[in-house]
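Student: There's a structure below that I have some questions on.
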Amino acid sequence: MRTRRNFLASSASLLAAASLPSTLRRADLESAHTTGEPGPAARKQAASPAGYDPWLEVEAAALLANAGEVARIAGGRPVLAVLKNNAYGLGLDRVGPVLDRAPEIAGFAVVKPDEAAALLEAGVRKPILLMGLVRTADGADLARRGVRLAPFDDGAPALLRETARRIGRPVPVHLYIDTGMNRLGMRHDRALPWIEALAGSGDTHIEGWFTAFTEDDDFDAEQLARFRRLAAAARERGLATGSLHAASSHALVHRPDAFLDMVRPGLVLYGAYPVGGGAAALRPAFRLQARVVRVERIQAGDGVSYDRNYVADRPTWIATLPVGHADGYPRRAVEGAAVLIGGRSYPVIGAVSASHTILELGQDRSVEPGDTATLVGPEAEVHPNTLASRAGISVYDVLMHLGAKLPGFVV
Ligand SMILES: *Cc1c(COP(=O)(O)O)cnc(C)c1O
């Protein structure tokens, strides 16, 4: 029978080939391993603020350093930080106030009206751009509180007329232009009359325009050309475009010609790398943690978890963590991911069930119930990009699927 150990051995070359970002602290891990010193996670003896596991730690210093690195790459241009989907799973109310202090961050972008409201409630003072659909009532309420809207359809002039009437002044907007993504935005090839109508209405204050790339390297160039041509045509007619922005994380590391007036990344601010890596020095800004609830020794031939997906080929110690796919830890972590306890790394075995994950400790007897484990964090073994490549999933899913109800705090 094929054991997890065999599986790991057979996939070792595959893992070695996976590109690891440059700022990983593999040296720390190895020294901890060889000296037997407890690693940072164990020394910290952290605990959940809500009294139960798992929990999230959001590292303010890492968020601030990533903001600085993004601005450096972008040649000092302002950064519009994308905080959609609960700040990519890290928590709007945790991330918003930290990035509000970063001088490089010019403002925030979200996709849902409740996210804009939550950021306002979290006390952020920088401008917020709502890049999605808004109903008239919500739009007026948010615009009154300073949120910038992103008109994208034929109904926008009427909606903005009503919104301007309700708030008693022109509505600040960034026009969403579709250059080929065919998701949201006014199609570039019929945008000009629409822009003229919006600009001429007196109902809007056009602060900027933006577009989103398909991240198909050849087609992105065409999208950028379409965006620039439209802006030139508008300027020829005496229309001011305001600040142009297009670059999300992928373009930030791969397409400097798309930096325009402002960049608009999400993923890299949280410290993960988009597909293809890139020469950036980023640090994952969070840890998914939980404490060991059970340590047990099993015999050769014993199976672990659903389907007995793992069968021990010799006696081994195993540990159970109270965190599973319902908390956002990927089911497919069992295909080769590892978890850190006390600076040592242990393979995930058996199955990631809704609320539990099981680790193979081998002959290592240093792990005890109550020890803190890091399932995702800045170290090499549990880096979001490492987990994504070992589990064969998108790195976006590693962050975005973190449970919205995970207790957490900022360190
Ligand atoms: C999500 C999103 C971004 C940020 O994307 P990343 O790949 O996380 O940097 C930027 N712009 C729009 C319109 C988005 O939806």
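The values are calculated or read from the model by the stated rules, or taken from the named source; none is laboratory data. The structure presented is a predicted model; accordingly, all values stated were derived computationally and were not measured. Note that each Cβ is placed from the backbone with ideal geometry, even for glycine, and that neighbours are counted across all protein chains shown.
Student: If you go through region 232-271, how many residues are assigned to a helix (DSSP H, G or I) and either within 11 Å of the ligand (Cβ to nearest atom) or surrounded by fewer than 20 Cβ atoms within 10 Å (Cβ to Cβ) (or both)?
Tutor: Filtering region 232-271 for residues assigned to a helix (DSSP H, G or I) gives 232-236, 249-254, 256-258, 267-270.
Next, only the ones that are either within 11 Å of the ligand (Cβ to nearest atom) or surrounded by fewer than 20 Cβ atoms within 10 Å (Cβ to Cβ) (or both) stay: 232-233, 235-236, 249-254, 256-257, 267-270.
Of the residues in region 232-271, 16 are assigned to a helix (DSSP H, G or I) and either within 11 Å of the ligand (Cβ to nearest atom) or surrounded by fewer than 20 Cβ atoms within 10 Å (Cβ to Cβ) (or both).
Student: Out of the residues in region 168-200 that are surrounded by fewer than 14 Cβ atoms within 10 Å (Cβ to Cβ) and either assigned to a loop (DSSP other than H, G, I, E, B) or not basic (Lys, Arg) (or both), state the one that is farthest from the ligand (Cβ to nearest atom). Steps first, answer last, please.
Tutor: Residues of region 168-200 that are surrounded by fewer than 14 Cβ atoms within 10 Å (Cβ to Cβ), as a first pass: 168-169, 182-183, 189-190, 193, 200.
Still in the list and also either assigned to a loop (DSSP other than H, G, I, E, B) or not basic (Lys, Arg) (or both): 168-169, 182-183, 189, 193, 200.
Working: GLY168: 29, ARG169: 26, ASN182: 13, ARG183: 8, ASP189: 20, PRO193: 24, GLY200: 26 Å.
It comes out as GLY168.
Student: Of the residues in region 117-138, how many are touching a helix residue (DSSP H, G or I) at 6+ places or on another chain (Cβ under 7 Å), at pLDDT 95 or above and outside any helix (DSSP H, G or I)?
Tutor: 7
Student: Any idea which of PRO151, PRO157 is modelled with pLDDT of 95 or more and in a loop (DSSP other than H, G, I, E, B)? Full working, then the answer.
Tutor: Working: PRO157 fails: in a loop (DSSP other than H, G, I, E, B).
Answer to the check: PRO151.
Student: Only strands (runs of 3 or more DSSP E) wholly contained in region 333-397 count here; list those with 1 or more residues that are in contact (Cβ under 8 Å) with a residue 12 or more places away in the chain and aromatic (Phe, Trp, Tyr).
Tutor: On the way: elements: 338-341, 344-349, 357-362, 372-376.
It comes to 344-349.
Student: Okay, next question. Which of the following residues is touching a strand residue (DSSP E or B) at 6+ places or on another chain (Cβ under 6 Å) and either within 25 Å of LEU282 (Cα to Cα) or surrounded by fewer than 17 Cβ atoms within 10 Å (Cβ to Cβ) (or both): PRO378, PRO407, PRO330, PRO315?
Tutor: Details: PRO378 fails: touching a strand residue (DSSP E or B) at 6+ places or on another chain (Cβ under 6 Å); PRO330 fails: touching a strand residue (DSSP E or B) at 6+ places or on another chain (Cβ under 6 Å); PRO315 fails: touching a strand residue (DSSP E or B) at 6+ places or on another chain (Cβ under 6 Å).
Matching residue, one of PRO378, PRO407, PRO330, PRO315: PRO407.
Student: A further question on this structure: Could you identify the single residue in SER394, SER389 that is more than 16 Å from the ligand (Cβ to nearest atom) and among the hydroxyl-bearing types (Ser, Thr, Tyr)?
Tutor: On the way: SER394 fails: more than 16 Å from the ligand (Cβ to nearest atom).
Selected residue: SER389, the only one of SER394, SER389 that is more than 16 Å from the ligand (Cβ to nearest atom) and among the hydroxyl-bearing types (Ser, Thr, Tyr).
Student: Every residue in region 92-110 that is farther than 17 Å from GLY208 by Cβ and either assigned to a helix (DSSP H, G or I) or not small (Gly, Ala, Ser) (or both), please. Steps first, answer last, please.
Tutor: Within region 92-110, the subset farther than 17 Å from GLY208 by Cβ is 92-104.
Matches in region 92-110: LEU92, ASP93, ARG94, VAL95, GLY96, PRO97, VAL98, LEU99, ASP100, ARG101, PRO103, GLU104.
Student: Another one. I want to confirm something. Restricting to region 284-298 and keeping residues that are more than 15 Å from ILE349 (Cα to Cα) and either within 16 Å of the ligand (Cβ to nearest atom) or without any contact (Cβ under 8 Å) to a residue 60 or more places away in the chain (or both), which single residue is surrounded by the fewest Cβ atoms within 10 Å (Cβ to Cβ)?
Tutor: PRO284
Student: Right, something else. It is to be established whether one or more residues within region 154-173 are closer than 30 Å to PRO274 by Cα and of a type outside the set (A, V, I, L, M, F, W, C). Walk me through it before giving the result.
Tutor: First, the residues of region 154-173 that are closer than 30 Å to PRO274 by Cα: 173.
Subset that is of a type outside the set (A, V, I, L, M, F, W, C): none.
No, region 154-173 contains no residue that is closer than 30 Å to PRO274 by Cα and of a type outside the set (A, V, I, L, M, F, W, C).
Student: Right, next: Output the number of the condition that ASP141 fails; it satisfies all remaining conditions of (1) outside any loop (DSSP other than H, G, I, E, B); (2) touching a Pro at 6+ places or on another chain (Cβ under 9 Å); (3) closer than 14 Å to LEU83 by Cα.
Tutor: Status for ASP141: all satisfied but (3).
Student: Separate question: Looking at (1) at negative phi; (2) within 16 Å of the ligand (Cβ to nearest atom); (3) not in a loop (DSSP other than H, G, I, E, B), can you tell me which one ARG77 breaks?
Tutor: Among (1) at negative phi; (2) within 16 Å of the ligand (Cβ to nearest atom); (3) not in a loop (DSSP other than H, G, I, E, B), ARG77 violates only (3).
Student: Might you let me know whether region 310-320 holds any residue that is within 16 Å of the ligand (Cβ to nearest atom), among the hydrophobic types (A, V, I, L, M, F, W, C) and under 20 Å from VAL382 (Cα atoms)?
Tutor: We begin by selecting, within region 310-320, every residue within 16 Å of the ligand (Cβ to nearest atom); these are none.
For region 310-320, residues within 16 Å of the ligand (Cβ to nearest atom), among the hydrophobic types (A, V, I, L, M, F, W, C) and under 20 Å from VAL382 (Cα atoms): absent.
Student: Now, a different point. For GLY68, state whether it is in a loop (DSSP other than H, G, I, E, B), at pLDDT 95 or above and closer than 16 Å to ALA281 by Cα. Step through it out loud before you land on a result.
Tutor: Values: in a loop (DSSP other than H, G, I, E, B): no; at pLDDT 95 or above: yes; closer than 16 Å to ALA281 by Cα: yes.
In short, no.
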